[in-house]
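First comes the structure, then the notes that go with it.
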Amino acid sequence: MLRALAITLAVITFIHGLIHLLGFAAYWPLAKISEIPYKTTLLWGRLDIGAAGMKIYALLWLLAALGFVFAAVALALRKSSWAPFMLATALLSLVLCTLDWEVAWCGALIDILLLLVLGAVFGLRIEPAPLPTYTAPATPIQTIPLPAGLPAPVERFYRLTYGDQVPVYTSAVISGRGSLRFMGITFPARWRFTHLAGQAYRHYIEATFYGLPIMKVNEHYLEGHARLALPFGVVENDPGVDSAANQGLWGETLFFPSVFLTDPRVRWEAVDDTTAKLTVPYGEEEQVFTAQFDPQTGMLTRTETLRYRDAKVGKLHWWGEVRPGKNRAGQPVTLFAVTWEDEGTPWLVIQIEDIVFNTDVSSYVHQTGP
């Protein structure tokens, strides 16, 4: 849907640029156009700029035409530069159309429409401030020796990550920023995930506009049951959602994967040189993930499972990926992206900016808000 709207906007912008070419031809003048009669006065005849002034005015119409055409092509090619070009060009066009309002009032209205659209676009490009720093004290982190008998890609990954000693994490409070897609619109977001390792979690997520929160999510998974306070209502007492929440708990443990070794309920099984099966507990049952490791770096890059989506769809393949990326300042960062198979692209992309291990979250995991 959004792609169709983007194409529609690109077409409107391109046509608007072509109309500005007619303005250039009429005001220079290179041609006689009945709808745009040549004159040397603007502002309802109150401003006489003469023939030389009209040539400058015409050149500005040409500049606007080129700006709109460039913005339309950039938008069609999904280049981020389309928005600033369109903003500058729409502001120029609005001034030009206002100067000859009697003829160009329709163009001014289109410019106002484009500016309203751009207002929404730029609002969705502004990153929120980080959540307040989590300051609770943490206890010292103990270690255990790397267990023997792990599948080859699993052992390689853990040796690269921790060496011969694996940290024992009992809790984690993980904070960061990223993006969240909701109803087809990708919003900037900030978030905090609180984990009681292998047992429970709390999610707090804010979707923002111009850096301000406009939607909040409070999710809990406690004692095997999930409660989701979402923008469109509360979801709870649903076995499918409980199952999906448990998979979310273990999927996010990828942030601190030593738990996959220190929790005795978890086991690894070999598949091949770059893949292993990860089995995690779910009450009296078990759930299975497929873990993939990069053949060059040896790092764990993806965990995938069959996860409950909703009552209408049922279960779908769901995966979390660790991928390289860049933050808004253009600096290289590591991102975590979450995707449903029917969407094909991540609905949630996050960057960890702060993590506190082994702090007492027994009360915090039950709270709401940041």
Stretchable slack from Trp101 to Thr368, in nm (0.36 nm times residue separation minus alpha-carbon distance): 90.7 nm
Per DSSP, loop GluC sites (Glu not before Pro) in segment 185-269 with at most 14 further Cβ within 10 Å: Glu223
Residue-averaged [θ]222 nm for the chain, counting only DSSP H segments that reach four residues, each worth -39500 (n - 2.57): -11000 deg cm²/dmol
Filtered chymotrypsin sites (Phe, Trp or Tyr not before Pro), segment 1-74: DSSP coil and at most 10 other beta carbons within 10 Å: Trp44
Reachable aspartates and glutamates from Lys312, criterion Cα separation under 17 angstrom, eight or more residues apart if same chain: Glu236, Asp238, Asp242, Glu341, Asp342, Glu343
Relative contact order (%) - segment 142-366, alpha-carbon pairs under 8 angstrom, separation at least six: 21 percent
Segment Asn218-Thr274, extension gain: residue separation times 0.36 nm, minus the distance between their alpha carbons: 16.6 nm
Loop sites in segment 150-222: chymotrypsin sites (Phe, Trp or Tyr not before Pro), DSSP, at most 15 other Cβ within 10 Å: Tyr210
Label point distance in nm, Trp44-Ala31, each placed 7 Å from Cα along Cα→Cβ: 3.1 nm
Inter-part distance where segment 100-127 and segment 21-70 are each reduced to a Cα centre, Å: 21 Å
Approximate spin-label separation Ile15-Tyr162, in nm, with each point projected 7 Å along Cα-to-Cβ: 6.2 nm
Between segment 241-310 and segment 163-202, the Cα center-to-center distance that results, in Å: 15 Å
Stokes-Einstein diffusion coefficient of the chain, Kirkwood radius over Cα pairs, 37 °C, 0.692 mPa s, in µm²/s: 136 µm²/s
Pair Leu109, Asn237: separation of 7 Å Cα→Cβ label points (nm): 5.3 nm
Förster-model FRET efficiency, 25 Å R0, Ala152 and Leu316, C-beta, rounded to 0.05: 0.25
Paired Rg and Dmax values of segment 235-370, which use every Cα atom, in angstrom: 16.0, 47
Radius, Kirkwood style, for segment 130-260 when every pair of distinct Cα atoms is counted (Å): 16.7 Å
Shape call, segment 2-123: gyration tensor on alpha carbons, a/c limit 1.5: prolate
Residue-span extension gain [Arg3 to Leu77] - 0.36 nm each, minus C-alpha spacing: 25.5 nm
J(HN,Hα) series, segment 218-232, from Karplus relation 6.51 cos²θ - 1.76 cosθ + 1.60, nearest Hz, glycine and proline x: 10, 10, 10, 10, 10, 6, x, 10, 9, 9, 10, 9, 10, x, 9
Sorted by Cβ neighbour density within 10 Å, fewest at the top, the residues Thr275, Thr297: Thr297, Thr275
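Throughout, read-outs are computed from the coordinates displayed, never taken from laboratory work. Keep in mind that this is a model prediction, so the values were computed, not measured. Backbone-built Cβ (ideal geometry, glycine too); neighbour counts: all protein chains shown.
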